[in-house]
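What follows is one structure encoded as C-alpha coordinates, with my remarks underneath.
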Amino acid sequence: MRVFPWGFWLLCVASAPARGDSGSKARSCAEVRQLYGAKGFSLSGVPQAEISGEHLRICPQGYTCCTSEMEENFANKSQSEFEAMMKEAGRSVQATLTAQHRSFDSYFQDLLNKSEKALYDAFPSIYGELYTQNVKVFKDLYSELRRYYRSSNINLEEALNEFWTRLLERLFKLLNPQYHITDEYLDCMVKHAEQHKPFGEVPRDLKVKATRAFIAARSYAQGFLVGSDVVRKVSQVSLSHECTRAIMKLMYCPHCRGMSSVRPCNNYCLNVVKGCLANQADLNTEWKYLMDSLIGVADRIDGPYNVDTVIGTIHMRIAEAISNLQENKDSITSKVFQGCGNPKISTKGSSNEDKKRRGKVTLEAKTSAQALEMLVLDAKGNLTALKTYWITLPSSLCSKKVMASSVSDDKCWNGMTKGSYLPQVMGDGLANQINNPEVEVDITKPDMTIRQQIMQLKIMTNRLGNANIGNDVDFQDTSDDMSGSGSGDSCPDDVCGKRLSKSPSTRQPETNAIPKQSGHGINGASSRSLPSASLLLLLSLAVIAAQHLWR
(Lines give C-alpha, C1' and ligand atoms only; values in the text may rest on other atoms or scores of the structure.)
Protein backbone atom coordinates (compact mmCIF):
# COMPACT_ATOMS: atom_id res chain seq x y z
CA MET A 1 0.00 0.00 0.00
CA ARG A 2 3.03 2.31 -0.05
CA VAL A 3 3.03 2.52 -3.82
CA PHE A 4 0.35 5.19 -4.05
CA PRO A 5 2.20 8.01 -2.23
CA TRP A 6 5.30 7.49 -4.37
CA GLY A 7 3.23 7.44 -7.58
CA PHE A 8 1.41 10.58 -6.51
CA TRP A 9 4.74 12.29 -5.78
CA LEU A 10 6.17 11.35 -9.18
CA LEU A 11 3.02 12.64 -10.88
CA CYS A 12 3.35 15.98 -9.08
CA VAL A 13 7.02 16.33 -10.07
CA ALA A 14 6.26 15.51 -13.72
CA SER A 15 3.47 18.07 -13.85
CA ALA A 16 5.53 20.88 -12.30
CA PRO A 17 6.47 23.70 -14.76
CA ALA A 18 10.00 23.52 -16.16
CA ARG A 19 12.43 26.36 -15.43
CA GLY A 20 15.02 25.63 -18.09
CA ASP A 21 18.35 23.96 -17.51
CA SER A 22 18.68 25.00 -13.88
CA GLY A 23 15.78 22.87 -12.71
CA SER A 24 13.38 24.22 -10.11
CA LYS A 25 15.68 27.01 -9.03
CA ALA A 26 14.89 30.37 -10.65
CA ARG A 27 17.67 31.41 -13.01
CA SER A 28 19.45 34.72 -12.77
CA CYS A 29 18.54 37.53 -15.20
CA ALA A 30 22.01 39.09 -15.06
CA GLU A 31 22.67 38.66 -18.79
CA VAL A 32 19.34 40.22 -19.77
CA ARG A 33 19.86 43.10 -17.36
CA GLN A 34 23.28 43.76 -18.91
CA LEU A 35 21.86 43.67 -22.46
CA TYR A 36 18.86 45.82 -21.54
CA GLY A 37 21.08 48.47 -19.97
CA ALA A 38 23.46 48.39 -22.94
CA LYS A 39 20.51 49.19 -25.22
CA GLY A 40 19.96 52.41 -23.27
CA PHE A 41 17.03 51.38 -21.06
CA SER A 42 16.67 51.90 -17.32
CA LEU A 43 17.19 48.84 -15.12
CA SER A 44 14.47 49.97 -12.77
CA GLY A 45 11.87 47.22 -12.57
CA VAL A 46 14.01 44.65 -14.39
CA PRO A 47 13.79 41.30 -12.57
CA GLN A 48 16.85 39.90 -10.84
CA ALA A 49 15.61 36.36 -11.45
CA GLU A 50 13.01 34.69 -13.68
CA ILE A 51 9.36 35.45 -13.18
CA SER A 52 6.20 33.89 -14.55
CA GLY A 53 5.55 34.98 -18.14
CA GLU A 54 1.74 35.03 -18.48
CA HIS A 55 1.91 38.78 -19.23
CA LEU A 56 4.00 38.35 -22.41
CA ARG A 57 2.29 39.07 -25.74
CA ILE A 58 5.06 38.18 -28.21
CA CYS A 59 7.52 35.85 -26.50
CA PRO A 60 6.59 32.37 -25.21
CA GLN A 61 4.77 32.60 -21.88
CA GLY A 62 7.07 30.36 -19.84
CA TYR A 63 9.37 31.63 -17.12
CA THR A 64 10.99 34.86 -18.28
CA CYS A 65 13.32 37.69 -17.42
CA CYS A 66 11.21 40.27 -19.30
CA THR A 67 8.36 42.42 -18.04
CA SER A 68 5.67 43.77 -20.35
CA GLU A 69 7.52 47.07 -20.58
CA MET A 70 10.78 45.29 -21.45
CA GLU A 71 9.05 43.25 -24.15
CA GLU A 72 7.60 46.40 -25.69
CA ASN A 73 10.96 48.20 -25.56
CA PHE A 74 12.74 45.22 -27.09
CA ALA A 75 10.09 45.05 -29.85
CA ASN A 76 10.61 48.72 -30.74
CA LYS A 77 14.37 48.24 -30.59
CA SER A 78 14.28 45.20 -32.84
CA GLN A 79 12.21 47.12 -35.40
CA SER A 80 14.62 50.07 -35.50
CA GLU A 81 17.64 47.75 -35.63
CA PHE A 82 16.23 45.67 -38.46
CA GLU A 83 15.28 48.75 -40.46
CA ALA A 84 18.82 50.04 -39.89
CA MET A 85 20.18 46.74 -41.24
CA MET A 86 18.06 47.18 -44.35
CA LYS A 87 19.24 50.74 -44.90
CA GLU A 88 22.87 49.77 -44.34
CA ALA A 89 22.61 46.97 -46.92
CA GLY A 90 20.88 49.39 -49.29
CA ARG A 91 23.54 52.04 -48.81
CA SER A 92 26.18 49.56 -49.89
CA VAL A 93 24.33 48.93 -53.17
CA GLN A 94 23.66 52.64 -53.61
CA ALA A 95 27.34 53.39 -53.12
CA THR A 96 28.30 50.85 -55.78
CA LEU A 97 25.85 52.18 -58.35
CA THR A 98 26.62 55.82 -57.57
CA ALA A 99 30.35 55.17 -57.89
CA GLN A 100 29.83 53.54 -61.29
CA HIS A 101 27.76 56.52 -62.44
CA ARG A 102 30.34 58.98 -61.16
CA SER A 103 33.20 57.16 -62.92
CA PHE A 104 31.44 56.97 -66.28
CA ASP A 105 30.04 60.49 -66.04
CA SER A 106 33.49 61.89 -65.26
CA TYR A 107 35.02 59.95 -68.14
CA PHE A 108 32.36 61.03 -70.65
CA GLN A 109 32.37 64.69 -69.62
CA ASP A 110 36.18 64.72 -69.77
CA LEU A 111 36.08 63.23 -73.26
CA LEU A 112 33.69 65.91 -74.45
CA ASN A 113 35.68 68.68 -72.74
CA LYS A 114 38.92 67.57 -74.37
CA SER A 115 37.32 67.53 -77.81
CA GLU A 116 35.95 71.04 -77.28
CA LYS A 117 39.29 72.32 -75.98
CA ALA A 118 41.13 70.82 -78.95
CA LEU A 119 38.76 72.68 -81.27
CA TYR A 120 39.30 75.99 -79.46
CA ASP A 121 43.07 75.51 -79.44
CA ALA A 122 43.51 74.53 -83.09
CA PHE A 123 40.80 76.25 -85.10
CA PRO A 124 41.95 79.89 -84.71
CA SER A 125 45.33 79.21 -86.34
CA ILE A 126 43.87 76.89 -88.98
CA TYR A 127 40.75 78.77 -90.06
CA GLY A 128 41.27 82.37 -88.98
CA GLU A 129 38.08 84.36 -89.50
CA LEU A 130 36.14 81.24 -90.40
CA TYR A 131 36.47 80.34 -86.73
CA THR A 132 36.87 83.62 -84.87
CA GLN A 133 33.69 85.08 -86.36
CA ASN A 134 31.72 81.93 -85.56
CA VAL A 135 32.92 80.92 -82.11
CA LYS A 136 29.38 80.97 -80.72
CA VAL A 137 28.23 78.39 -83.27
CA PHE A 138 30.79 75.88 -81.99
CA LYS A 139 30.17 76.72 -78.34
CA ASP A 140 26.43 76.28 -78.81
CA LEU A 141 26.98 72.83 -80.32
CA TYR A 142 28.95 71.53 -77.36
CA SER A 143 26.47 73.16 -75.00
CA GLU A 144 23.58 71.34 -76.69
CA LEU A 145 25.47 68.04 -76.58
CA ARG A 146 25.97 68.44 -72.84
CA ARG A 147 22.35 69.36 -72.29
CA TYR A 148 21.22 66.28 -74.16
CA TYR A 149 23.56 64.02 -72.19
CA ARG A 150 22.18 65.45 -68.94
CA SER A 151 18.70 64.37 -70.06
CA SER A 152 17.42 67.80 -71.03
CA ASN A 153 14.27 67.82 -73.10
CA ILE A 154 15.89 68.48 -76.49
CA ASN A 155 16.08 66.63 -79.80
CA LEU A 156 19.66 65.70 -80.63
CA GLU A 157 19.06 65.35 -84.38
CA GLU A 158 17.57 68.82 -84.53
CA ALA A 159 20.49 70.23 -82.55
CA LEU A 160 23.01 68.72 -84.98
CA ASN A 161 21.02 69.83 -88.03
CA GLU A 162 20.80 73.34 -86.62
CA PHE A 163 24.56 73.42 -86.08
CA TRP A 164 25.36 72.45 -89.69
CA THR A 165 22.79 74.94 -91.03
CA ARG A 166 24.16 77.84 -89.01
CA LEU A 167 27.75 76.91 -89.86
CA LEU A 168 26.99 76.67 -93.57
CA GLU A 169 25.26 80.05 -93.63
CA ARG A 170 28.18 81.80 -91.97
CA LEU A 171 30.95 80.03 -93.83
CA PHE A 172 29.29 80.56 -97.20
CA LYS A 173 29.21 84.30 -96.58
CA LEU A 174 32.84 84.36 -95.41
CA LEU A 175 34.02 82.27 -98.37
CA ASN A 176 32.21 84.60 -100.78
CA PRO A 177 32.93 88.09 -99.39
CA GLN A 178 32.65 89.65 -102.85
CA TYR A 179 28.88 89.05 -102.83
CA HIS A 180 26.11 90.67 -100.82
CA ILE A 181 24.22 87.63 -99.52
CA THR A 182 20.87 88.30 -97.85
CA ASP A 183 19.02 86.13 -95.33
CA GLU A 184 16.49 85.21 -98.01
CA TYR A 185 19.33 84.01 -100.24
CA LEU A 186 20.75 81.93 -97.40
CA ASP A 187 17.33 80.31 -96.87
CA CYS A 188 17.35 79.28 -100.52
CA MET A 189 20.90 77.94 -100.21
CA VAL A 190 20.00 75.84 -97.15
CA LYS A 191 17.10 74.26 -99.02
CA HIS A 192 19.56 72.96 -101.62
CA ALA A 193 22.20 71.92 -99.06
CA GLU A 194 21.07 68.31 -98.81
CA GLN A 195 21.36 67.97 -102.56
CA HIS A 196 24.77 69.66 -102.88
CA LYS A 197 26.29 68.17 -99.69
CA PRO A 198 28.65 71.11 -99.03
CA PHE A 199 30.20 69.32 -96.03
CA GLY A 200 30.43 65.98 -97.78
CA GLU A 201 29.16 62.92 -95.89
CA VAL A 202 30.34 64.20 -92.51
CA PRO A 203 26.99 65.60 -91.22
CA ARG A 204 25.06 62.43 -92.02
CA ASP A 205 27.78 60.13 -90.71
CA LEU A 206 28.32 62.13 -87.53
CA LYS A 207 24.57 62.35 -86.90
CA VAL A 208 24.20 58.58 -87.06
CA LYS A 209 27.24 57.79 -84.92
CA ALA A 210 26.94 60.64 -82.43
CA THR A 211 23.25 60.10 -81.75
CA ARG A 212 23.77 56.39 -81.10
CA ALA A 213 26.73 57.16 -78.82
CA PHE A 214 24.92 59.89 -76.88
CA ILE A 215 21.70 57.89 -76.55
CA ALA A 216 23.65 54.96 -75.14
CA ALA A 217 25.80 57.14 -72.87
CA ARG A 218 22.98 59.08 -71.25
CA SER A 219 20.75 56.00 -70.84
CA TYR A 220 23.67 54.15 -69.29
CA ALA A 221 24.45 56.97 -66.86
CA GLN A 222 20.78 57.42 -65.97
CA GLY A 223 20.35 53.68 -65.38
CA PHE A 224 22.79 53.73 -62.48
CA LEU A 225 20.97 56.66 -60.87
CA VAL A 226 17.56 55.03 -61.24
CA GLY A 227 18.83 51.79 -59.72
CA SER A 228 20.34 53.66 -56.79
CA ASP A 229 17.16 55.67 -56.24
CA VAL A 230 15.01 52.52 -56.26
CA VAL A 231 17.19 50.95 -53.56
CA ARG A 232 17.02 54.14 -51.48
CA LYS A 233 13.24 54.36 -51.61
CA VAL A 234 12.66 50.66 -50.99
CA SER A 235 15.05 50.68 -48.02
CA GLN A 236 12.85 53.30 -46.37
CA VAL A 237 9.69 51.14 -46.43
CA SER A 238 8.50 50.56 -42.86
CA LEU A 239 7.99 47.11 -41.35
CA SER A 240 4.47 45.80 -40.85
CA HIS A 241 3.10 45.16 -37.35
CA GLU A 242 3.26 41.39 -37.94
CA CYS A 243 6.86 41.66 -39.10
CA THR A 244 7.87 43.69 -36.04
CA ARG A 245 6.48 40.96 -33.77
CA ALA A 246 8.31 38.27 -35.70
CA ILE A 247 11.61 40.18 -35.63
CA MET A 248 11.24 40.71 -31.86
CA LYS A 249 10.60 37.01 -31.35
CA LEU A 250 13.64 36.18 -33.47
CA MET A 251 16.12 38.61 -31.97
CA TYR A 252 15.19 39.26 -28.32
CA CYS A 253 12.83 36.53 -27.07
CA PRO A 254 15.72 34.11 -26.50
CA HIS A 255 17.21 36.70 -24.13
CA CYS A 256 13.92 36.94 -22.27
CA ARG A 257 13.89 33.14 -21.98
CA GLY A 258 17.35 33.15 -20.44
CA MET A 259 19.04 31.83 -23.57
CA SER A 260 21.24 34.78 -24.47
CA SER A 261 24.00 32.56 -25.80
CA VAL A 262 21.70 30.58 -28.10
CA ARG A 263 21.70 31.81 -31.68
CA PRO A 264 18.55 31.77 -33.87
CA CYS A 265 18.12 28.78 -36.16
CA ASN A 266 19.16 29.63 -39.71
CA ASN A 267 15.96 28.44 -41.42
CA TYR A 268 13.85 30.11 -38.74
CA CYS A 269 15.62 33.40 -39.43
CA LEU A 270 15.15 32.95 -43.20
CA ASN A 271 11.40 32.46 -42.84
CA VAL A 272 11.08 35.55 -40.64
CA VAL A 273 13.11 37.77 -42.96
CA LYS A 274 11.54 36.39 -46.15
CA GLY A 275 8.13 37.14 -44.68
CA CYS A 276 9.18 40.64 -43.71
CA LEU A 277 10.81 41.35 -47.09
CA ALA A 278 8.23 39.57 -49.24
CA ASN A 279 7.40 42.69 -51.24
CA GLN A 280 11.05 43.62 -51.66
CA ALA A 281 11.80 40.20 -53.17
CA ASP A 282 9.25 40.93 -55.91
CA LEU A 283 11.70 43.51 -57.25
CA ASN A 284 14.00 40.66 -58.27
CA THR A 285 12.76 40.07 -61.84
CA GLU A 286 12.79 43.69 -62.99
CA TRP A 287 15.98 44.38 -61.04
CA LYS A 288 17.78 41.58 -62.93
CA TYR A 289 16.43 42.97 -66.21
CA LEU A 290 17.86 46.38 -65.34
CA MET A 291 21.28 44.95 -64.48
CA ASP A 292 21.31 42.89 -67.69
CA SER A 293 20.25 45.92 -69.74
CA LEU A 294 23.03 48.05 -68.26
CA ILE A 295 25.54 45.31 -69.11
CA GLY A 296 24.16 45.16 -72.66
CA VAL A 297 24.50 48.92 -73.17
CA ALA A 298 27.98 48.83 -71.62
CA ASP A 299 29.01 46.36 -74.33
CA ARG A 300 27.61 48.73 -76.97
CA ILE A 301 29.43 51.72 -75.51
CA ASP A 302 32.76 49.90 -75.64
CA GLY A 303 31.89 48.07 -78.86
CA PRO A 304 29.75 48.92 -81.91
CA TYR A 305 28.82 52.43 -80.76
CA ASN A 306 32.48 53.20 -80.09
CA VAL A 307 31.68 56.08 -77.73
CA ASP A 308 35.34 56.83 -77.06
CA THR A 309 36.21 57.38 -80.71
CA VAL A 310 32.98 59.12 -81.72
CA ILE A 311 32.93 61.66 -78.88
CA GLY A 312 36.68 62.16 -78.81
CA THR A 313 36.86 63.06 -82.51
CA ILE A 314 33.92 65.46 -82.89
CA HIS A 315 36.31 68.38 -83.43
CA MET A 316 38.12 66.39 -86.13
CA ARG A 317 34.89 65.61 -87.96
CA ILE A 318 33.95 69.30 -87.93
CA ALA A 319 37.38 70.17 -89.33
CA GLU A 320 36.92 67.52 -92.01
CA ALA A 321 33.55 69.01 -92.95
CA ILE A 322 34.98 72.53 -93.21
CA SER A 323 37.83 71.24 -95.38
CA ASN A 324 35.29 69.61 -97.70
CA LEU A 325 33.52 72.93 -98.06
CA GLN A 326 36.78 74.77 -98.76
CA GLU A 327 38.02 72.26 -101.32
CA ASN A 328 34.72 72.25 -103.21
CA LYS A 329 33.98 75.93 -102.73
CA ASP A 330 33.81 76.83 -106.43
CA SER A 331 31.69 73.84 -107.40
CA ILE A 332 29.27 74.34 -104.53
CA THR A 333 29.03 78.08 -105.12
CA SER A 334 28.24 77.46 -108.79
CA LYS A 335 25.47 75.01 -107.92
CA VAL A 336 23.99 77.42 -105.39
CA PHE A 337 24.02 80.23 -107.95
CA GLN A 338 22.25 77.98 -110.43
CA GLY A 339 19.51 77.16 -107.98
CA CYS A 340 19.15 80.51 -106.21
CA GLY A 341 20.42 83.00 -108.78
CA ASN A 342 23.47 85.28 -108.70
CA PRO A 343 23.66 87.51 -105.62
CA LYS A 344 24.62 91.15 -105.90
CA ILE A 345 28.29 92.14 -105.90
CA SER A 346 29.52 93.54 -102.58
CA THR A 347 31.80 96.56 -102.32
CA LYS A 348 33.84 94.98 -99.48
CA GLY A 349 35.97 92.84 -101.79
CA SER A 350 37.94 89.70 -101.02
CA SER A 351 39.60 88.84 -97.72
CA ASN A 352 43.30 88.04 -97.32
CA GLU A 353 42.38 85.40 -94.80
CA ASP A 354 41.40 83.02 -97.57
CA LYS A 355 44.91 81.64 -98.09
CA LYS A 356 45.35 81.11 -94.40
CA ARG A 357 42.08 79.25 -94.21
CA ARG A 358 43.24 76.74 -96.79
CA GLY A 359 46.06 75.39 -94.63
CA LYS A 360 46.32 71.65 -94.08
CA VAL A 361 44.32 70.40 -91.10
CA THR A 362 46.27 68.33 -88.57
CA LEU A 363 44.29 67.49 -85.44
CA GLU A 364 44.66 64.75 -82.87
CA ALA A 365 41.89 62.53 -81.52
CA LYS A 366 41.18 63.04 -77.81
CA THR A 367 40.35 59.45 -76.90
CA SER A 368 41.18 57.03 -74.11
CA ALA A 369 40.03 53.59 -75.22
CA GLN A 370 41.88 51.75 -72.46
CA ALA A 371 40.23 53.85 -69.75
CA LEU A 372 36.78 53.10 -71.19
CA GLU A 373 37.54 49.40 -71.40
CA MET A 374 38.53 49.32 -67.72
CA LEU A 375 35.41 51.28 -66.74
CA VAL A 376 33.14 48.87 -68.60
CA LEU A 377 34.85 45.78 -67.17
CA ASP A 378 34.53 47.12 -63.63
CA ALA A 379 30.89 48.07 -64.16
CA LYS A 380 29.97 44.68 -65.62
CA GLY A 381 31.56 42.91 -62.66
CA ASN A 382 29.62 44.99 -60.14
CA LEU A 383 26.34 44.74 -62.05
CA THR A 384 26.66 40.96 -62.28
CA ALA A 385 27.26 40.75 -58.53
CA LEU A 386 24.16 42.87 -57.83
CA LYS A 387 21.75 40.84 -59.99
CA THR A 388 20.48 38.67 -57.13
CA TYR A 389 20.58 41.35 -54.44
CA TRP A 390 16.89 41.26 -53.50
CA ILE A 391 16.54 37.47 -53.20
CA THR A 392 19.87 36.97 -51.42
CA LEU A 393 19.17 39.78 -48.95
CA PRO A 394 17.42 37.52 -46.38
CA SER A 395 20.31 35.05 -46.20
CA SER A 396 22.79 37.93 -46.10
CA LEU A 397 20.99 39.61 -43.19
CA CYS A 398 20.61 36.34 -41.29
CA SER A 399 24.25 35.32 -41.61
CA LYS A 400 25.93 38.72 -41.24
CA LYS A 401 23.56 40.77 -39.07
CA VAL A 402 21.25 38.50 -37.07
CA MET A 403 24.11 36.00 -36.66
CA ALA A 404 21.93 32.94 -37.13
CA SER A 405 23.37 29.50 -36.45
CA SER A 406 24.51 27.04 -39.09
CA VAL A 407 21.93 25.06 -41.05
CA SER A 408 22.87 21.79 -39.30
CA ASP A 409 22.60 23.20 -35.76
CA ASP A 410 19.88 21.41 -33.77
CA LYS A 411 20.42 23.38 -30.56
CA CYS A 412 19.42 26.83 -31.78
CA TRP A 413 16.57 29.22 -30.93
CA ASN A 414 13.53 28.09 -32.94
CA GLY A 415 11.10 30.71 -31.68
CA MET A 416 9.95 28.73 -28.68
CA THR A 417 12.97 27.10 -27.11
CA LYS A 418 16.41 25.66 -27.80
CA GLY A 419 16.20 22.86 -30.33
CA SER A 420 15.91 22.16 -34.04
CA TYR A 421 13.68 24.05 -36.51
CA LEU A 422 11.42 21.77 -38.53
CA PRO A 423 9.30 23.96 -40.91
CA GLN A 424 10.54 24.26 -44.45
CA VAL A 425 11.96 27.53 -45.79
CA MET A 426 9.51 29.59 -47.82
CA GLY A 427 10.16 30.69 -51.39
CA ASP A 428 10.89 34.26 -52.42
CA GLY A 429 8.31 36.96 -53.02
CA LEU A 430 4.87 37.89 -51.75
CA ALA A 431 2.90 35.00 -53.30
CA ASN A 432 5.14 32.39 -51.65
CA GLN A 433 4.41 33.65 -48.11
CA ILE A 434 0.85 32.39 -47.94
CA ASN A 435 1.89 29.58 -45.57
CA ASN A 436 4.78 31.31 -43.81
CA PRO A 437 4.76 29.88 -40.28
CA GLU A 438 6.51 32.88 -38.71
CA VAL A 439 5.03 36.01 -40.29
CA GLU A 440 1.40 36.57 -41.17
CA VAL A 441 1.52 38.11 -44.66
CA ASP A 442 -1.51 39.38 -46.59
CA ILE A 443 -0.55 38.40 -50.13
CA THR A 444 -3.54 40.31 -51.53
CA LYS A 445 -2.16 43.69 -50.44
CA PRO A 446 1.19 44.44 -52.11
CA ASP A 447 3.13 47.46 -50.91
CA MET A 448 2.36 50.33 -53.28
CA THR A 449 5.71 52.09 -52.82
CA ILE A 450 7.52 48.96 -53.94
CA ARG A 451 5.09 48.43 -56.85
CA GLN A 452 5.87 51.96 -58.01
CA GLN A 453 9.58 51.20 -57.90
CA ILE A 454 9.02 48.03 -59.90
CA MET A 455 7.40 50.24 -62.54
CA GLN A 456 10.40 52.60 -62.49
CA LEU A 457 12.69 49.64 -63.13
CA LYS A 458 10.53 48.59 -66.08
CA ILE A 459 10.60 52.09 -67.56
CA MET A 460 14.37 52.40 -67.23
CA THR A 461 14.93 48.92 -68.64
CA ASN A 462 12.80 49.82 -71.64
CA ARG A 463 14.85 52.97 -72.22
CA LEU A 464 18.06 50.98 -72.08
CA GLY A 465 16.56 48.47 -74.50
CA ASN A 466 15.84 51.29 -76.92
CA ALA A 467 19.35 52.67 -76.46
CA ASN A 468 20.76 49.23 -77.17
CA ILE A 469 19.31 49.35 -80.68
CA GLY A 470 19.93 53.06 -81.25
CA ASN A 471 16.41 54.32 -80.55
CA ASP A 472 15.85 57.54 -78.65
CA VAL A 473 13.08 57.99 -76.10
CA ASP A 474 11.54 60.80 -74.11
CA PHE A 475 13.93 61.21 -71.19
CA GLN A 476 12.23 63.35 -68.61
CA ASP A 477 12.61 62.69 -64.90
CA THR A 478 11.50 59.11 -64.25
CA SER A 479 9.07 60.27 -61.58
CA ASP A 480 6.97 61.83 -64.34
CA ASP A 481 6.35 58.45 -65.89
CA MET A 482 4.14 57.41 -63.02
CA SER A 483 1.91 60.47 -63.21
CA GLY A 484 0.14 59.65 -66.46
CA SER A 485 0.49 63.26 -67.58
CA GLY A 486 0.85 64.32 -71.18
CA SER A 487 -0.99 65.83 -74.10
CA GLY A 488 -3.15 62.78 -74.80
CA ASP A 489 -3.15 63.54 -78.52
CA SER A 490 -1.87 61.05 -81.06
CA CYS A 491 0.16 62.47 -83.92
CA PRO A 492 1.76 61.28 -87.16
CA ASP A 493 5.12 59.56 -86.95
CA ASP A 494 6.84 62.26 -88.97
CA VAL A 495 5.74 64.90 -86.45
CA CYS A 496 6.24 62.91 -83.26
CA GLY A 497 9.56 61.61 -84.50
CA LYS A 498 10.93 65.10 -85.10
CA ARG A 499 9.41 66.63 -81.97
CA LEU A 500 9.86 63.59 -79.76
CA SER A 501 11.40 65.29 -76.78
CA LYS A 502 8.98 68.22 -76.95
CA SER A 503 5.80 66.12 -77.15
CA PRO A 504 6.04 63.20 -74.74
CA SER A 505 3.57 60.37 -75.22
CA THR A 506 0.65 60.06 -72.87
CA ARG A 507 1.30 57.23 -70.46
CA GLN A 508 -1.22 55.32 -68.38
CA PRO A 509 0.58 54.01 -65.26
CA GLU A 510 -1.06 50.58 -65.39
CA THR A 511 -1.29 49.82 -69.08
CA ASN A 512 1.26 51.88 -70.93
CA ALA A 513 3.88 53.17 -68.52
CA ILE A 514 6.75 51.81 -70.62
CA PRO A 515 7.79 53.83 -73.68
CA LYS A 516 7.01 51.95 -76.89
CA GLN A 517 9.53 51.06 -79.58
CA SER A 518 8.36 52.30 -82.95
CA GLY A 519 11.27 51.15 -85.04
CA HIS A 520 12.05 54.59 -86.47
CA GLY A 521 15.74 54.62 -85.69
CA ILE A 522 16.92 57.31 -83.34
CA ASN A 523 13.57 59.07 -83.51
CA GLY A 524 11.74 55.88 -82.78
CA ALA A 525 9.42 56.75 -79.93
CA SER A 526 6.47 58.11 -81.84
CA SER A 527 3.35 58.87 -79.82
CA ARG A 528 0.89 56.00 -79.80
CA SER A 529 -0.90 56.88 -76.62
CA LEU A 530 -3.84 54.51 -76.42
CA PRO A 531 -5.97 55.69 -79.39
CA SER A 532 -8.69 53.28 -78.24
CA ALA A 533 -9.41 55.58 -75.29
CA SER A 534 -9.94 58.52 -77.63
CA LEU A 535 -12.24 56.42 -79.84
CA LEU A 536 -14.29 55.32 -76.83
CA LEU A 537 -14.68 58.94 -75.76
CA LEU A 538 -15.83 60.00 -79.24
CA LEU A 539 -18.24 57.08 -79.47
CA SER A 540 -19.68 57.92 -76.05
CA LEU A 541 -20.22 61.54 -77.07
CA ALA A 542 -21.83 60.41 -80.31
CA VAL A 543 -24.25 58.11 -78.48
CA ILE A 544 -25.21 60.86 -76.02
CA ALA A 545 -25.79 63.28 -78.90
CA ALA A 546 -27.90 60.75 -80.79
CA GLN A 547 -30.03 60.03 -77.74
CA HIS A 548 -30.54 63.75 -77.21
CA LEU A 549 -31.65 64.25 -80.84
CA TRP A 550 -33.92 61.21 -80.70
CA ARG A 551 -35.80 62.75 -77.83
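As an exercise, use a Förster radius of 56 Å and the Cβ-Cβ distance of Ile443 and Gln370 to find the FRET efficiency, rounded to the nearest 0.05.
On the way: r = 51 Å, r/R0 = 0.91.
It comes out at approximately 0.65.
Can you give the Kirkwood hydrodynamic radius of segment 126-233 from its Cα pairs, in Å with one decimal?
Working: mean 1/r = 0.0621 Å⁻¹.
For segment 126-233, the Kirkwood estimate is 16.1 Å.
Probe radius 1.4 Å, ligands and nucleic acids left out: which of Ile295, Ile318, Ile469 has the largest accessible area, and how do the rest follow? Please list the in-between numbers first.
On the way: Ile295 25, Ile318 0, Ile469 95 Å².
Most to least solvent-accessible, the answer reads Ile469, Ile295, Ile318.
Counting only the heavy atoms of the protein chains, how much of Phe104 is accessible to a 1.4 Å probe, in Å² to the nearest 10?
Phe104 exposes around 10 Å² with every protein chain in place.
Mind listing which trypsin sites (Lys or Arg not before Pro) in segment 384-444 are in a DSSP loop and have 16 or fewer other Cβ atoms within 10 Å?
Details: sites: Lys387, Lys400, Lys401, Lys411, Lys418; in loops: Lys387, Lys411.
The qualifying sites are Lys411.
In terms of modelled amide H atoms, which long-range or inter-chain residues lie less than 5 Å from the amide H of Tyr179?
For Tyr179, whose amide H was placed from the backbone, the distant partners under 5 Å are Ser346.
May I have the pair-distance distribution P(r) for segment 52-200, computed from all Cα-Cα distances with 5 Å bins from 0 and rounded to whole percent?
All Cα pairs, binned at 5 Å, distribute as 2, 7, 10, 11, 10, 9, 7, 5, 4, 4, 4, 4, 4, 4, 4, 3, 3, 3, 2, 1, 0, 0 percent.
Heavy atoms of the protein only, probe of 1.4 Å, neighbouring chains included. What is the accessible area of Arg150 in Å², nearest 10?
About 150 Å², ignoring ligands and nucleic acids.
Which pairs break 24 Å Cα to Cα here: Lys274/Lys387; Lys77/Lys387; Lys77/Lys458? Before the final figure, lay out the partial values.
Working: Lys274/Lys387 18 Å; Lys77/Lys387 31 Å; Lys77/Lys458 36 Å.
Result: Lys77/Lys387; Lys77/Lys458 exceed 24 Å.
Only loop residues by DSSP count here, and only those with at most 10 other Cβ atoms within 10 Å; note down the GluC sites (Glu not before Pro) in segment 79-140 that meet that.
Details: sites: Glu81, Glu83, Glu88, Glu116, Glu129; in loops: none.
Loop-located and lightly packed - none at all.
Quick one: what are the phi-derived ³J(HN,Hα) couplings along segment 388-397, Karplus 6.51/-1.76/1.60 with θ = phi - 60°, whole Hz, x for glycine and proline?
Those phi angles translate into 9, 3, 6, 8, 9, 4, x, 5, 5, 5 Hz.
If you take the beta carbon distance between Glu81 and Met416 as r and set R0 to 22 Å, what does 1/(1 + (r/R0)^6) give as a FRET efficiency, to the nearest 0.05? Could the numbers behind the result be given before it?
Details: r = 22 Å, r/R0 = 1.00.
My answer for the efficiency is 0.50.
Could you give the dipole magnitude of segment 257-349 about its Cα centre, charging the beta-carbon of Lys and Arg +1 and that of Asp and Glu -1, in debye to the nearest 20? Let's see the in-between values first.
On the way: 10 positive and 9 negative charges, 67 e Å.
Its charge dipole is roughly 320 debye.
Taking a probe of 1.4 angstrom, what is the accessible area of Glu440 in Å², to the nearest 10?
Glu440 has an accessible surface of roughly 150 Å² with all protein chains in place.
Tell me, rounded to the nearest percent, the portion of alpha carbon pairs in segment 221-333 spaced more than 23 Å apart.
Numbers: 3962 of 6328 pairs.
Value for segment 221-333 (Cα pairs over 23 Å): 63 percent.
Computed FRET efficiency, Cβ-Cβ of Glu72 and Asp121, R0 56 Å: what is it to the nearest 0.05?
0.20
Can you give me the long-range amide H partners of Ser28? Hydrogens built in the peptide plane at 1.01 Å from N, cutoff under 5 Å, separation of 5 or more residues or another chain.
Here nothing satisfies the definition.
The values are calculated or read from the model by the stated rules, or taken from the named source; none is laboratory data. In this text, all values refer to a predicted model and were calculated from it rather than measured experimentally. Please note: Cβ atoms are built from the backbone with ideal geometry, for glycine as well, and neighbour counts cover all protein chains shown. For accessibility, only protein heavy atoms count, side chains too; no ligands or nucleic acids. Shrake-Rupley method; radii C 1.70, N 1.55, O 1.52, S 1.80 Å.
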